[in-house]
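Novice: Here you go, one structure.
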Amino acid sequence: MDRRVTLPILQHILVDVRPKEVVLKATDMELAFEATVPGEGQGEWTMAVPGKKFIETVRVFPEGILSLECPDAGGRLWLRAKGMNSEHNIQPGEGFPELPGPSKQLPVVKIPVLRFKRAIQLGSIAVSKDATKPTLSAVLLHLSKHHVRVVSTDGFRLAVAEVPCDTNLKDEVRLIVPKRALDLIPTLLGDEGEVELCWDGTTLFLDQPGLKFSTR
């Protein structure tokens, strides 16, 4: 959760409870996350929970079943797990912004996730720390017919990491991705299977089972 956001609702996580799953959403209007976890419950309800406390609580709770309870009176969410309880203020989720999503017409590239994570780690090491050079403080994601490359430079060093991959792209694509987003991707993605990439004129979308992530 980014403390620099100006809209109070962006300091919250949207919790969307459904009969067979729980969907968690967060955004600062530049980065957006959506995680879906299986669950069992009654009814459907949506709430906005202060994100910092929610994340810190879940981190210290023991592994196992986590129970979310919202009394009929509303205004409070209880988290319970193996004798531990935590109470959270909540508010209606109607004011939470709609997360961006790709259209079905966009091209999709599938990359083995472990190779992609490794390429990000190696290809982003030369990113500039100079905030006055926004292009050099980001990473170039270069997609061609048979390769995906991650490239960074600070004007003195150059780092290039390449993943062999049949993308089926007719034309090469070059995307400038913020370093902040690239730093998060290896920690967000699992280690199995593939990750799907697609993009439009302003946003890069990543999709893996149970997780959606986008960056402008």
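Novice: Among the residues of the stretch 109-136, which ones are within 11 Å of Thr153 (Cβ to Cβ), among the charged types (D, E, K, R) and touching a strand residue (DSSP E or B) at 6+ places or on another chain (Cβ under 9 Å)? Even if it seems obvious, please write down each step before you answer.
Specialist: Step one: list which residues in the stretch 109-136 are within 11 Å of Thr153 (Cβ to Cβ), which gives 123-128, 133, 135-136.
If we keep only those that are among the charged types (D, E, K, R) as well, we get 133.
If the condition is that a residue be within 11 Å of Thr153 (Cβ to Cβ), among the charged types (D, E, K, R) and touching a strand residue (DSSP E or B) at 6+ places or on another chain (Cβ under 9 Å), then no residue fits.
Novice: Quick one: which residue in Glu172, Glu194 is within 23 Å of the chain's Cα centre (by Cα) and farther than 19 Å from Asp28 by Cα?
Specialist: Values: Glu172 fails: within 23 Å of the chain's Cα centre (by Cα).
When all the criteria are applied, what remains is Glu194.
Novice: Further question: Taking the stretch 168-216, which residues are within 25 Å of Val37 (Cα to Cα) and among the acidic types (Asp, Glu)?
Specialist: Asp183, Asp191, Glu192, Glu194, Glu196, Asp207
Novice: Residue by residue through the stretch 141-170, note down the ones that are of a type in the set (Val, Ile, Thr) and not in a loop (DSSP other than H, G, I, E, B).
Specialist: Once the filter is applied, which keeps residues that are of a type in the set (Val, Ile, Thr) and not in a loop (DSSP other than H, G, I, E, B), the stretch 141-170 yields Val148, Val150, Val151, Thr153, Val160, Val163.
Novice: Inspect all residues belonging to the stretch 100-123 and state whether any of them is over 27 Å from Cys198 (Cα atoms), among the hydroxyl-bearing types (Ser, Thr, Tyr) and modelled with pLDDT under 95. Write out each step before concluding.
Specialist: Taking the stretch 100-123 as the starting set, the residues that turn out to be over 27 Å from Cys198 (Cα atoms) are none.
No, the conditions are met nowhere in the stretch 100-123.
Novice: With the requirement that a residue be farther than 23 Å from Ile9 by Cβ and surrounded by fewer than 11 Cβ atoms within 10 Å (Cβ to Cβ), what does the stretch 46-65 give you?
Specialist: The first filter runs over the stretch 46-65 and keeps only residues farther than 23 Å from Ile9 by Cβ, leaving 60-65.
Within the stretch 46-65, Val60, Pro62, Glu63, Gly64, Ile65 meet the criteria.
Novice: Where residues in the stretch 158-169 are surrounded by fewer than 16 Cβ atoms within 10 Å (Cβ to Cβ) and touching a Pro at 6+ places or on another chain (Cβ under 9 Å), which of them is farthest from Glu30 (Cα to Cα)?
Specialist: Applying the first criterion (surrounded by fewer than 16 Cβ atoms within 10 Å (Cβ to Cβ)) to the stretch 158-169 yields 158, 160, 164, 166, 168-169.
The next check asks that each one be touching a Pro at 6+ places or on another chain (Cβ under 9 Å); those that pass are 168-169.
Working: Asn168: 29, Leu169: 27 Å.
Here the answer is Asn168.
Novice: Please specify each residue of the stretch 115-161 satisfying the condition of being of a type in the set (D, E, K, R) and more than 25 Å from Asp171 (Cβ to Cβ).
Specialist: Narrowing the stretch 115-161 to residues of a type in the set (D, E, K, R): 115, 117-118, 129-130, 133, 145, 149, 154, 157.
Passing the criteria: Lys117, Arg118, Lys129, Asp130, Lys133, Asp154, Arg157.
Novice: A follow-up question, please. Ser124 - would you say it is hydroxyl-bearing (Ser, Thr, Tyr) and either assigned by TED's automatic domain parsing to the domain that holds Ala32 or farther than 26 Å from Met29 by Cα (or both)? Break it down into steps so the answer makes sense when it comes.
Specialist: On the way: hydroxyl-bearing (Ser, Thr, Tyr): yes; either assigned by TED's automatic domain parsing to the domain that holds Ala32 or farther than 26 Å from Met29 by Cα (or both): no.
Spelling it out, it is not the case that Ser124 is hydroxyl-bearing (Ser, Thr, Tyr) and either assigned by TED's automatic domain parsing to the domain that holds Ala32 or farther than 26 Å from Met29 by Cα (or both).
Novice: Tell me which residues, restricted to the stretch 200-216, are over 15 Å from Ala138 (Cα atoms) and either of a type in the set (A, V, I, L, M, F, W, C) or in contact with a His (Cβ under 8 Å, 6 or more places away or on another chain) (or both). Before you say what the answer is, go through the steps one by one.
Specialist: Narrowing the stretch 200-216 to residues over 15 Å from Ala138 (Cα atoms): 200-201, 205-214.
The answer is Phe205, Leu206, Leu211, Phe213.
Novice: From Thr202, Thr187, which residue is of a type in the set (Ser, Thr, Tyr), in a helix (DSSP H, G or I) and either in the same structural domain as Asp16 (by TED's automatic domain parsing) or surrounded by fewer than 15 Cβ atoms within 10 Å (Cβ to Cβ) (or both)?
Specialist: On the way: Thr202 fails: in a helix (DSSP H, G or I).
Just a single option satisfies the conditions, and that option is Thr187.
Novice: Regarding the stretch 93-108, can at least one residue be identified that is within 18 Å of the chain's Cα centre (by Cα) and at positive phi?
Specialist: So far as the stretch 93-108 goes, no, none of its residues is within 18 Å of the chain's Cα centre (by Cα) and at positive phi.
Let's see how each residue does on (1) over 27 Å from Leu204 (Cα atoms); (2) of a type outside the set (A, V, I, L, M, F, W, C); (3) modelled with pLDDT under 90:
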| site | (1), (2), (3) |
| --- | --- |
| Thr27 | no, yes, no |
| Lys52 | no, yes, no |
| Val60 | yes, no, no |
| Ala73 | yes, no, yes |
| Leu77 | yes, no, no |
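Novice: Also, I was wondering about something else. Could you please find all residues in the stretch 75-104 being among the basic types (Lys, Arg) and exposed (fewer than 13 other Cβ atoms within 10 Å of the Cβ)? Break it down stepwise before answering.
Specialist: Filtering the stretch 75-104 for residues among the basic types (Lys, Arg) gives 76, 80, 82, 104.
Across the stretch 75-104, the qualifying residues are Lys82, Lys104.
The values are calculated or read from the model by the stated rules, or taken from the named source; none is laboratory data. All of these numbers come straight from a predicted model, not from anything done at the bench. Using ideal geometry, Cβ is built from the backbone for each residue, glycine included, and neighbour counts are taken over all protein chains shown.
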